[in-house]
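Visitor: The structure that follows is given in the form of structure tokens.
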Amino acid sequence: MILCIDSADIQAIRRLYETYPVDGVSTNPSILAKAGRPPYEVLKEIRSLIGPEGELFVQAVSPDAEGMVREARRITAELGDTTLVKIPCVPEGFKAMKLLKQEGIRFIGTAIYTAMQGFIAAKCGADYVAPYVNRIDNMGFDGVQVAMDLHDAIQAADLPCELLAASFKNSQQVLELTRYGVGGMTLAPDIFDALTRNAAIDAAVEAFTADFRGLAGEGKTMADC
Ligand code: G3P
């Protein structure tokens, strides 16, 4: 399973890459807008930070298939041909996906709110599909269940496509899809941190440190006591 960071915040990406087993970075137009810098400037910085082997996801914004294909060519020319182009799962997007498949450009179906929307993208040859878990929850449906249904449908049809589930707001959503064995997830930095950090963990580690300080002296460790 791959784990990606859903952000264009360079400092956060650097910190998370140094700490966790991260496989890539995903962005979307809203995330780039939040970074507030020229898109290719920040994306090239991300690419050089994560290296050529890191998965990088960049979204096309054209309303028509021809425009999306033009964007995909520029995105891969600027950022490396392993870069995955995010294509919204709308009718023009599906048209674009079929053309991108013929050109051998990697892509991910995005803006997925229903399992069948994602399944059609997988049928078009998507490398990944991105169901929006929390946004589906916010609509009064079950985002985790939609992601599981999509995972099952792709597996049942034996399509060479994986999930990159997106839009998480809590650790429980992440845990449920991890247990289910989906292909990947992309998490905002605060959700990434929340997976392994809480007050109980900090208190336990501090208690161990204090006990050892009492035993061996201030600043001593197992390396020098
Ligand atoms: O790229 C899709 C994902 O970023 C959506 O997440 O948190 O805006 O619902 P969110």
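Visitor: Take every Cα pair under 8 Å in the chain that's 6+ residues apart, average their separations, divide by the length, and report that relative contact order as a whole percent.
Guide: Relative contact order comes out at 16 percent.
Visitor: What does the highest-first list of 149-160, 123-134 look like by mean Cβ count within 10 Å?
Guide: So the peptides 149-160, 123-134, ranked by packing, come out 123-134, 149-160.
Visitor: Right, here's the next one. Could you provide, to the nearest whole Å², the per residue accessible area of region 49-181 with probe 1.4 Å?
Guide: Per-residue value: 45 Å².
Visitor: Then there's this: With the dipole of region 2-216 worked out from charges on the C-beta (+1 for Lys and Arg, -1 for Asp and Glu) around the Cα centre, which of ALA207, MET139, VAL182 lies farthest toward the positive end?
Guide: The listed residue farthest towards the positive side: MET139.
Visitor: Which net charge results for the neighbourhood of CYS161, defined as the other residues with beta-carbon distances under 15 angstrom from its beta-carbon, given Lys and Arg at +1 and Asp and Glu at -1?
Guide: -1
Visitor: In the neighborhood of GLN172, defined by Cβ-to-Cβ distances under 14 Å, what is the net charge if each Lys or Arg adds +1 and each Asp or Glu adds -1?
Guide: -1
Visitor: Compute the signed sum of charges (Lys and Arg +1, Asp and Glu -1) over the other residues within less than 14 Å, Cβ to Cβ, of ALA77.
Guide: Around ALA77, the surrounding residues sum to +2.
Visitor: With the dipole of region 2-216 worked out from charges on the C-beta (+1 for Lys and Arg, -1 for Asp and Glu) around the Cα centre, which of VAL85, HIS151, ALA115 lies farthest toward the positive end?
Guide: Result: VAL85, furthest along the dipole toward the positive end.
Visitor: Then there is this: Sequence gap of 8 or more, or different chains, plus Cα separation below 22 Å: how many lysine pairs satisfy both in the chain?
Guide: Lysine pairs meeting the criterion: 12.
Visitor: A follow-up question, please. For a protection proxy built on the mean count of beta-carbon atoms within 10 angstrom, sort 198-210, 78-90 highest first, please.
Guide: Going by the mean number of other Cβ atoms within 10 Å, highest first, we get 78-90, 198-210.
Visitor: Could you size up the charge dipole of region 2-216 around its Cα centre, putting +1 on the beta carbon of Lys and Arg and -1 on that of Asp and Glu, and report it in debye to the nearest 20?
Guide: 460
Visitor: Would you calculate a helix-derived [θ] at 222 nm for the chain, using -39,500 (n - 2.57) for each DSSP H run of n ≥ 4 and dividing by the full residue count, to the nearest 500?
Guide: -16000 deg cm²/dmol
Visitor: Further question on the same structure: Percent of accessible area on the chain owned by carbon and sulfur, 1.4 Å probe?
Guide: 55
The values are calculated or read from the model by the stated rules, or taken from the named source; none is laboratory data. Since the structure is predicted, the reported quantities are computational estimates derived from the model, not experimental observations. Cβ coordinates were reconstructed from backbone atoms using ideal geometry, including for glycine residues, and neighbour counts include every protein chain displayed. Note: areas computed on protein heavy atoms with side chains; ligands, DNA, RNA excluded. Shrake-Rupley method; radii C 1.70, N 1.55, O 1.52, S 1.80 Å.
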